[in-house]
Number of protein chains: 2
Amino acid sequence: MIIDIHGHYTTAPKALEDWRNRQIAGIKDPAQMPRVSELKISDDELRETIEKNQLAKMRERGSDLTVFSPRASFMAHHIGDFEVSSTWAAICNELIHRVTQLFPDHFVGAAMLPQSPGVDPRSCVAELEKCVKEYGFVAINLNPDPSGGHWTSPPLTDRHWYPVYEKMVELDIPAMIHVSTSCNACFHTTGAHYINADTTAVMQLIQGDLFRDFPTLKMVIPHGGGAAPYHWGRYRGLAQELKKPLLTEHLLNNVFFDTCVYHQPGIDLLTQVIPVDNILFASEMIGAVRGIDPQTGHPFDDTKRYIEGTLNLSADDRYKVYEGNARRVYPRLDAALRKQGK
Amino acid sequence: MIIDIHGHYTTAPKALEDWRNRQIAGIKDPAQMPRVSELKISDDELRETIEKNQLAKMRERGSDLTVFSPRASFMAHHIGDFEVSSTWAAICNELIHRVTQLFPDHFVGAAMLPQSPGVDPRSCVAELEKCVKEYGFVAINLNPDPSGGHWTSPPLTDRHWYPVYEKMVELDIPAMIHVSTSCNACFHTTGAHYINADTTAVMQLIQGDLFRDFPTLKMVIPHGGGAAPYHWGRYRGLAQELKKPLLTEHLLNNVFFDTCVYHQPGIDLLTQVIPVDNILFASEMIGAVRGIDPQTGHPFDDTKRYIEGTLNLSADDRYKVYEGNARRVYPRLDAALRKQGK
């Protein structure tokens, strides 16, 4: 089985965006604030947006199951207050739940959280718990910078975040560390802010000792770990300067990298530098880079081709990257699959 | 000849740091503000700090000439106002000038600029001009984020920066895009802020069309280009989505990457993905990562070993990386070398 652990519902019906735009208008003018019940999306509409897009590409490229979460750039936690984020997260997570109900063999949910700049992350726990216990979600996306490119929250190793980690450990779910839209003109959302956040998260985790407090906490760094694998020597050296244990011990029992790296040399480096047990197959399609690579004639984000193409992985290794590691890092996914006899 | 285009005076005599600390104290309490004349560092002290450190390692590792600039993390443009930055930049640049006079065969200068958050970069032009015309410097370091991790300046493609670019073009000098200390707790200075800034700069240059206005402008992205080469497929794809020309045309006539990547797989990727004409040898020693790599028994920042070790470069290619490209990208360096018959 091939499990893609990084997919967002980027193709949701336009009614969702329209509702969100009304919600944003409603922040300034409460008369315009829409009710949740005004958002109407039928199962047929959901089916169509999935079948023609993500599911079509999964079939075409040969992946079986996607860990599916709300569109990352639309989380936009910097907009409005906790109430706004909370309503928006609930709507987006419920849509994901409906997709997973419509396509139980192909999609399993991961939650966005109702984060809001300056608000205690403890406020996210109720939505998290609902998504796991009622919707059967197997993971969350945690935004290390709800300000959207101004980085006003403390580092991920700060006790600020502990209420979320405590609940993750209790429910045995991993977090993908994933920012949202940048509202800082310096940072292009998918070209700078996403990648910087990945790099920043890795360095925060190196500086701190978070996994001493949470030995079973698991974090997935998307987009191939940002710059970290390319600069792995730098990070090994910085950890050494900081008198930390080797990264294999300090980080790699708890931190995993996905394969959203959109060319063969990048995947070759990732699979050479990072132990295979820490690599999880992912494509983040249909996402930031939707075009065809003129150098190969294939879509940039068809990352399965690079996993197949690399000389660094044996057949056993590929099983780990495609399935085995995901079952280990997402225990609730494994349990759900076992229930289905998979 | 082997030219290292990225060295900082990280080993300057302690008197410099003491003076700076008094200057910082003087911002709050003007009675403590030291005079420039109170900083006394003898030629013998300069000689000793260089001979025992950078020059010793250059001899040991086999490089000949370093493009040398003030310590990057000490630029700290976020401290004080333009007057504070201006005095500090002048002092640091003069020390570099003295080092280049004491060791004319081994060091050539690159200037730090007296940048200050919110201040028009035009204010930096006088110091820049002095360094090039009076001190014989061949390049500058341009900080895209003088706020130190808050990213309050416009992107590098904004007209805000044009006065500096106009002077660079007039004087035919390149800029290394190099941030300084992070004062944002989210960003470790050398592990996150430096690398993020490199990635951010590349993406800003992809988004804009700066080199249409300045076809001869040259920028060096340090630390192996941040995350950009590892994610080169992503950047090629994003450029395509933005309807830009191929990166070879859109970026690589004007943008160059150094080799400050501290392990063999990183240099292998860099030299595989980026055309050899765009790669400049550099080590940034004695810098962020000073230890010995336990995997190799050699210093992490002995990047010459990786250039020698990669299978991607021919002898001709190595000449370009070590010398030829530097002479092309730094025309004033080439002119100075020719004058010396080199």
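The values are calculated or read from the model by the stated rules, or taken from the named source; none is laboratory data. From a predicted model like this one, the values you see are computed outputs, not experimental measurements. As a convention, Cβ positions derive from the backbone with ideal geometry for all residues, glycine included, and neighbour counts pool all protein chains shown. Accessible surface is based on the protein model in full, side chains and every heavy atom, while ligands, DNA and RNA are left aside. Shrake-Rupley method; radii C 1.70, N 1.55, O 1.52, S 1.80 Å.
Brief remarks follow.
- Single residue of B:D209, B:D172, B:D120 found to be under 24 Å from B:F107 (Cβ atoms) and of a type in the set (D, E): B:D172
- Test: residue in the stretch B:253-274 that is surrounded by fewer than 24 Cβ atoms within 10 Å (Cβ to Cβ), more than 11 Å from chain A (Cβ to nearest Cβ) and not polar (S, T, N, Q): no
- Only one of A:A315, A:A288, A:A336 that is more than 17 Å from A:M219 (Cα to Cα) and at pLDDT below 95: A:A288
- Residue list for the stretch A:150-161, filter: outside any loop (DSSP other than H, G, I, E, B) and touching a residue at least 24 places away in the same chain (Cβ under 8 Å): A:H160, A:W161
- Count - residues of the stretch B:132-149 that are under 16 Å from B:H193 (Cβ atoms) and assigned to a loop (DSSP other than H, G, I, E, B): 7
- Residue under evaluation B:W161, criteria (1) within 14 Å of another protein chain (Cβ to nearest Cβ); (2) within 18 Å of the chain's Cα centre (by Cα); (3) within 19 Å of B:F257 (Cβ to Cβ), criterion not met: (3)
- Considering B:L333, B:L337, B:L313, the condition of being farther than 26 Å from A:R305 by Cα, open to solvent by less than 30 Å² (accessible area, probe 1.4 Å) and assigned to a loop (DSSP other than H, G, I, E, B) is satisfied by B:L313 alone.
- Of the residues making up the stretch B:133-158, just one is acidic (D, E) and within 16 Å of the chain's Cα centre (by Cα), namely B:D145.
- Taken over the stretch A:54-98, the criterion of being under 19 Å from the mean Cα position of the chain (by Cα) and polar (S, T, N, Q) is satisfied by A:Q54, A:S63, A:T66, A:S69, A:S73, A:S85, A:S86, A:N93.
- Yes/no for B:N21 being without any contact (Cβ under 8 Å) to a residue 60 or more places away in the chain and surrounded by 22 or more Cβ atoms within 10 Å (Cβ to Cβ): no
- Count of the stretch B:194-237 residues, restricted to those that are open to solvent by 10 Å² or more (accessible area, probe 1.4 Å) and without any contact (Cβ under 8 Å) to a residue 40 or more places away in the chain, is 3.
- Any hit, the stretch B:184-193, residues being open to solvent by 10 Å² or more (accessible area, probe 1.4 Å), more than 13 Å from chain A (Cβ to nearest Cβ) and either of a type outside the set (K, R) or closer than 28 Å to B:F137 by Cα (or both): no
- Elements of type helices (runs of 4 or more DSSP H) in the stretch A:9-107, at least 2 residues being β-branched (V, I, T): A:14-28, A:82-102
- Residues of the stretch A:28-66 that turn out to be open to solvent by less than 70 Å² (accessible area, probe 1.4 Å), aliphatic (A, V, I, L, M) and out of contact with any Asp or Glu (no Cβ under 8 Å at 6 or more places or on another chain), as a count: 6
- Residue, surrounded by the most Cβ atoms within 10 Å (Cβ to Cβ), within the stretch A:290-310, restricted to residues that are at the interface with chain B (Cβ under 10 Å from one of its Cβ atoms) and out of contact with any Pro (no Cβ under 8 Å at 6 or more places or on another chain): A:T303
- With respect to the conditions (1) away from chain B (no Cβ under 14 Å); (2) in contact (Cβ under 8 Å) with a residue 40 or more places away in the chain, A:M285 lacks only one, and its number is (1).
- Total residues in the stretch A:228-253, condition farther than 18 Å from B:T303 by Cα and among the small types (G, A, S): 1
- Of all residues making up the stretch A:211-234, the number that are more than 20 Å from the chain's Cα centre (by Cα) and at the interface with chain B (Cβ under 7 Å from one of its Cβ atoms): 5
- All conditions but one from (1) more than 14 Å from chain A (Cβ to nearest Cβ); (2) open to solvent by 10 Å² or more (accessible area, probe 1.4 Å) apply to B:W151; the one that does not is (1).
- All positions within the stretch B:155-172 that are out of contact with any helix residue (DSSP H, G or I) (no Cβ under 6 Å at 6 or more places or on another chain) and crowded, with 23+ Cβ neighbours inside 10 Å: B:M168
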